[in-house]
1. Within the set of pairs 6+ apart or on separate chains, which have a first residue in region B:290-312 that is of a type in the set (Phe, Trp, Tyr), a second that is surrounded by 14 or more Cβ atoms within 10 Å (Cβ to Cβ), and C-beta atoms under 7 Å apart?
2. Here are the criteria: (1) touching a residue at least 60 places away in the same chain (Cβ under 8 Å); (2) in a loop (DSSP other than H, G, I, E, B); (3) of a type outside the set (Asp, Glu); (4) over 20 Å from residue A:171 (Cα atoms). Tell me which single one residue A:33 does not satisfy.
3. Could you please give the count of residues in region B:279-304 that are more than 15 Å from residue B:54 (Cα to Cα), modelled with pLDDT of 85 or more and either in a helix (DSSP H, G or I) or aliphatic (A, V, I, L, M) (or both)?
4. Being charged (D, E, K, R), under 20 Å from residue B:208 (Cα atoms) and modelled with pLDDT of 85 or more narrows it down to one residue among A:98, A:81; which is it?
5. Among the candidates B:96, B:141, B:137, single out the residue that is of a type outside the set (Phe, Trp, Tyr), crowded, with 20+ Cβ neighbours inside 10 Å and either out of contact with any Ser or Thr (no Cβ under 8 Å at 6 or more places or on another chain) or not in a helix (DSSP H, G or I) (or both).
6. Considering only region B:51-60, state which residues are touching a residue at least 12 places away in the same chain (Cβ under 8 Å) and farther than 13 Å from residue B:183 by Cβ.
7. Test residue A:73 against the stated conditions and say whether it is surrounded by 19 or more Cβ atoms within 10 Å (Cβ to Cβ), in contact with a helix residue (DSSP H, G or I) (Cβ under 9 Å, 6 or more places away or on another chain) and assigned by TED's automatic domain parsing to the domain that holds residue A:32.
8. So which of A:160, A:179, A:128, A:133 is surrounded by fewer than 18 Cβ atoms within 10 Å (Cβ to Cβ), touching a residue at least 24 places away in the same chain (Cβ under 8 Å) and aliphatic (A, V, I, L, M)?
Amino acid sequence: MSEPNKILELKGLGKNFGAVKALSNVDFELYENEILALLGDNGAGKSTIVKILSGYYQPDAGRMTMKGEDVQFENPHVARDHGIETIYQDLSLFEDLDVAANVFAGKEVVGKGWRKYLGFVDRETMVATARDAVSKMAINIPRIDSEVSSFSGGQRQCVAIAKSILWGRQIVIMDEPTAALGVRETGRVLDLIRDLKSHNLSVVLVMHNIEHVLQVAERAIVMRQGTRRGTVKIKGANDRESHDKIIQMLM
Amino acid sequence: MSTETTTHSSLGQKDGIDWKRVLLSRELIVAIFIVAASLIATMMSPYFLTIANWKNILIGISIEMIVAIGLTIVLVSGGIDLSVGSVVALSGVTITLIFDAGGGTVLALGGGMGVGLLVGVVNGAFIAYVKLNPLITTLGTMAIGRSAVYIMSGGYALSSIPASYKIMANGSVLAGIPNLILITVILSTVFHIAMWRNVWFRKFTFLGGSEIAALRAGIDVRRLKLAGYVLCALLAATGGAVVVARLGSSFPNTASGMELRVITAVIVGGCSIYGGRGTVLGAALGVLFLGLMNNILVLNSVSVYWQGVASGCVLILAVLSDAIINRGN
């Protein structure tokens, strides 16, 4: 138990777009039940890694293992089947639909008996499950049948995170979850991220804001121009040493 | 932080009916307008509240209602289809020509639906797979379709429809209700329930709500888009099959301009022009309301030239109320 297990490992990862080397010989590892921050300037390769992890890009070089077994994500469905959920910066929510419809989008529960025959969704079960998922979270949703368009930024995050808790069995990747939020809501969303950890999930955060990273992440990988600059273990929100190290690597 | 969480918990997850949402739903608002307009019309004209007049109203709007179902699907999924009026006419003229050539009902109906399928597949393939703009694509197929109707009919009205076919629309199999009204009500109900509850039909709402989110939810958006345009064209072709049965002939200018009238009604009924929102029930109520207004204008001897003014004002009022409600949130 001294050394935690790696849930996901990438070795010698490379990705080119024409003549542009987006990633060259990058190693990446994620431990079980860890909150990892992925930092770097624009063009450092963060989003390329995220897209490889979620199955949108195929790497040109390197190998990927999950819990020690070789894996290949040919498309986003395969990544999902491996229990990896991605929450994009735009959250991919349907504005005119309510919480249950959003949480179950594309994975609807079909009713039993004659309903199954007609392909009717089982709204009661979906609403109950969605309600259960959001009620345990640090941000509250005023009404489970409200349309998402009336929600605040934090409440939207709550819906997106509830979705990934339900469907992500292993890893949740979050792209800039705090980018568009105010101070109060940011605090709550960081709580939600800790919620993910308490559900035994591993979390990869793509973040710009170093203060937020220090508050929530346990480890940070810093990227620069398509290579891995270094790794920092974070001991808490007031860990100035890690803060300075990260700044140094980013420069 | 923990105290904050607990106070929020007490606010959370209210149950029961969200009355504000029900009261502000477009379906209810349009229904109230329909009742109000009917009350006023009853006071103004003794002919309004008669079975004969209501039969006229419902028969008059039935074709538009069938077309409105398809347009609801396309609009909800974030697209638009201007070719529906041409498809109605194209299906009608095809059916008439097949009867003219001695074909039977099955062949005629098959031919009508066949041209609908063809236009739907062309629209859908260009829009979904070649990623052409739906407005432009269907503007093109609208022009081509209408032209084809004139070419096929030689510009003449054709009326070689057998009586056995006409009876399908004008007869009655249930309690004296004209079949035409029955067909319309059944189709609307089936599609309304499907869009509301069926796993596959609900995907249209996802597609229109956010294409990228639909893609990420694992929906094959291209195939779904294609399916939407095919369904819309097939429903328009059904409208064409019904219109020739009702009139006993097909005219080259049948359903000319219908696409805009139906789009107006569907939007009045609460469909978003940006996709993601709308119901078949709302669309049907929108068609009924506009049909009712025209009927009231006619009963009060107002020139038919005023009908456009009335429906245009209703459309703008509907969109305006949307904007006001949204700004209120």
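The values are calculated or read from the model by the stated rules, or taken from the named source; none is laboratory data. None of the values given here were measured: they were computed from a predicted structure. Note that we place each Cβ from the backbone using ideal geometry, even for glycine, and neighbour counts take in every protein chain shown.
1. B:306/B:297
2. Against the list (1) touching a residue at least 60 places away in the same chain (Cβ under 8 Å); (2) in a loop (DSSP other than H, G, I, E, B); (3) of a type outside the set (Asp, Glu); (4) over 20 Å from residue A:171 (Cα atoms), residue A:33 comes up short only on (4).
3. Going through region B:279-304 one residue at a time, the tally reaches 6.
4. A:98
5. After ruling out the rest, the residue left standing is B:137.
6. Selection gives B:53, B:55, B:56, B:57, B:60.
7. Against the criterion (surrounded by 19 or more Cβ atoms within 10 Å (Cβ to Cβ), in contact with a helix residue (DSSP H, G or I) (Cβ under 9 Å, 6 or more places away or on another chain) and assigned by TED's automatic domain parsing to the domain that holds residue A:32), residue A:73 qualifies.
8. Every option except A:179 fails the conditions.
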